[in-house]
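A.B. asks: My questions will all concern the structure given below.
The values are calculated or read from the model by the stated rules, or taken from the named source; none is laboratory data. Just so you know, these numbers come straight off a predicted model, no measurement behind them. Cβ sites come from the backbone with ideal geometry, for glycine too, and all protein chains shown count toward neighbours. These area figures cover heavy atoms from the full protein model, side chains too; ligands, DNA and RNA do not enter into them. Shrake-Rupley method; radii C 1.70, N 1.55, O 1.52, S 1.80 Å.
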Amino acid sequence: HRHLLGIEALGRADIETILDLAEDYVALSRQRDKKRAVLKGLTQINIFFENSTRTQASFELAGKRLGADVMNMSLASSSIKKGETLIDTAVTLNAMHPDLLVVRHQHSGAVALLAKKVNCSVINAGDGRHEHPTQALLDALTIRRHKGRLHRLTVAICGDINHSRVARSNITLLNRMENRVRVIAPPTLLPTGVGRMGVEVFHDMRKGLEGVDVVMMLRLQQERMQGAFIPSNREYFHRFGLDEEKLSHARPDAIVMHPGPMNRGVEIDPNVADDPKRSVIQEQVEMGVAVRMAVMDLLARNIPNMAA
Ligand code: CP
């Protein structure tokens, strides 16, 4: 592969290769010397048109740990503010010979469009409500480490499915690895095509969580709702917020995940989010660096030697 635009393009073997290599990078990142120079001499540019804490920081750290020269585009002070288009920005940066572009954009499909206009490898760091492939991969690594496998598990993805690229990438990955996927949400927060997504649909948290191995909570993405259905936080928490009582319906060893950023008291009770026996939320962040190191290492193996 030259790019990582979505989980859709990955087969089971691709996913396993990425996760196996990421395990090496988990170990490396826990050492005092965290560096391995597999991207030495390469240039990585991170372009985030939407806000990010975890994804941007972990791509920057991942690139630096692998020895790349990493540049974070500061969009607030860029010519985007003067009306330059996404494609003109990409073509301009491409002329500076980057090897890896990491791109987040508010429109579904924008990162794939950009990838057609540049010569380097492109990694999708989240496009609209379409895909967030490295999030699904880091979630998969977290699950595999806790459950000892990544197949024949029952995973519930709960909350704002409609606006969530994290949900779409996770549903694709988990189905590809032959798991059972449930979505739990009010009808207004489900996409119209949910019946074709290969998931079981529940509108009741207690029924949907019954016997699951993994509980994946999603943020209520109010910034994407534009006046449509915006439930009150209190009402939403009462019906769909994960608290200890609702979690008691899952398997006793079920893990609780959240991609972040969390809205405490809206989709998740702080007591559950911070429960060291159930919550793996901070471990997801750790796996994010390792998975991004693995993805960039594998893509860099396909970068041609321009001097040849
Ligand atoms: N999970 C995730 O993508 O977080 P950020 O928006 O902070 O990058």
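A.B. asks: Return the percentage of antiparallel bridges among DSSP beta bridges fully within the chain, rounded to the nearest 5 %.
C.D. replies: If we restrict to bridges inside the chain, about 5 percent are antiparallel.
A.B. asks: Taking the Cα centre as origin and putting +1 on Lys and Arg beta-carbons and -1 on Asp and Glu beta-carbons, what dipole magnitude results for the range 111-173, to the nearest 20 debye? Please list the in-between numbers first.
C.D. replies: Working: 10 positive and 4 negative charges, 52 e Å.
In debye, rounded to 20, the range 111-173 gives about 260.
A.B. asks: How far is the Cα center of the range 258-308 from the Cα center of the range 6-32, in Å?
C.D. replies: Rounded to whole Å, the Cα centres lie 11 Å apart.
A.B. asks: Non-local amide H neighbours of A125 (under 5 Å, H modeled in plane, Pro and chain starts lacking H): which ones?
C.D. replies: So A125 has HN proximity to V103, R104.
A.B. asks: Along the charge dipole of the chain, Cβ charges K/R +1 and D/E -1, which of L247, F48, L10 sits furthest on the positive end?
C.D. replies: Comparing the listed Cα positions along the dipole, L10 ranks first.
A.B. asks: Rounded to the nearest percent, how much of the accessible area of the chain (1.4 Å probe, protein heavy atoms only) is carbon and sulfur? Numbers along the way, then the final one.
C.D. replies: Values: 6860 of 13840 Å².
For the chain, the apolar C and S fraction of the accessible surface comes to 50 percent.
A.B. asks: Rounded to the nearest 500, what is the chain's calculated 222 nm mean residue ellipticity when only DSSP H runs of at least 4 contribute -39500 (n - 2.57) each, over all residues? Before the final figure, lay out the partial values.
C.D. replies: Details: 11 runs with 113 residues, N = 308.
So the helix-based figure for the chain works out to -11000 deg cm²/dmol.
A.B. asks: Let me ask you something else. What does the accessible area per residue of the chain come to in Å², with a 1.4 Å probe and no ligands, DNA or RNA counted?
C.D. replies: 45 Å²
A.B. asks: Continuing with the same structure: Relative to the Cα centre, what is the charge dipole magnitude of the range 147-278, using +1 at the beta carbon of each Lys and Arg, -1 at the beta carbon of each Asp and Glu, and rounding to the nearest 20 debye?
C.D. replies: Details: 20 positive and 16 negative charges, 102 e Å.
Computed about the Cα centre, the dipole is about 500 debye.
A.B. asks: Quick check: Cα centre of the range 144-201 to Cα centre of the range 117-141, how many Å?
C.D. replies: Here the answer is 17 Å between Cα centres.
A.B. asks: Here's something else I'd like to know. Express the C-alpha Rg of the range 117-234 as a ratio against the empirical globular expectation 2.2 N^0.38 Å, rounded to two decimals.
C.D. replies: 1.10
A.B. asks: Membrane-span-like helices in the chain: DSSP H runs reaching 20 Å or more (Cα, own axis), mean Kyte hydropathy at least -0.5? Walk me through the intermediate numbers first.
C.D. replies: Values: long enough: 12-29 (25 Å, 0.29); 133-147 (21 Å, -0.44); 281-300 (29 Å, 0.88).
Those that pass (Cα extent of 20 Å or more, hydropathy at least -0.5) are 12-29, 133-147, 281-300.
A.B. asks: Using alpha-carbon pairs under 8 Å, 6+ residues apart, how would you state the relative contact order of the chain in percent?
C.D. replies: Relative contact order for the chain comes out at 21 percent.
A.B. asks: Also, I was wondering about something else. Of all trypsin sites (Lys or Arg not before Pro) in the range 141-229, which ones are in loop regions per DSSP and have a Cβ with at most 12 other Cβ atoms within 10 Å?
C.D. replies: Filter output for the range 141-229: R149, R152.
A.B. asks: On to the next question. Along the charge dipole of the chain, which of G148, F237, H203 sits closest to the positive end, that is, farthest toward it, with unit charges on the beta carbon of Lys, Arg, Asp and Glu (+1, +1, -1, -1)?
C.D. replies: Selected residue: G148.
A.B. asks: Starting from the Cα coordinates of the chain, work out the convex hull volume and express it per residue in Å³. Don't jump to the answer; show the numbers that get you there.
C.D. replies: On the way: hull volume 41.6 nm³, N = 308.
Output value, Cα hull per residue: 135 Å³.
A.B. asks: Quick one: putting +1 on the C-beta of Lys and Arg, -1 on the C-beta of Asp and Glu, what dipole do you get for the chain around its Cα centre, in Debye to the nearest 20?
C.D. replies: On the way: 41 positive and 35 negative charges, 78 e Å.
The dipole magnitude comes to about 380 debye.
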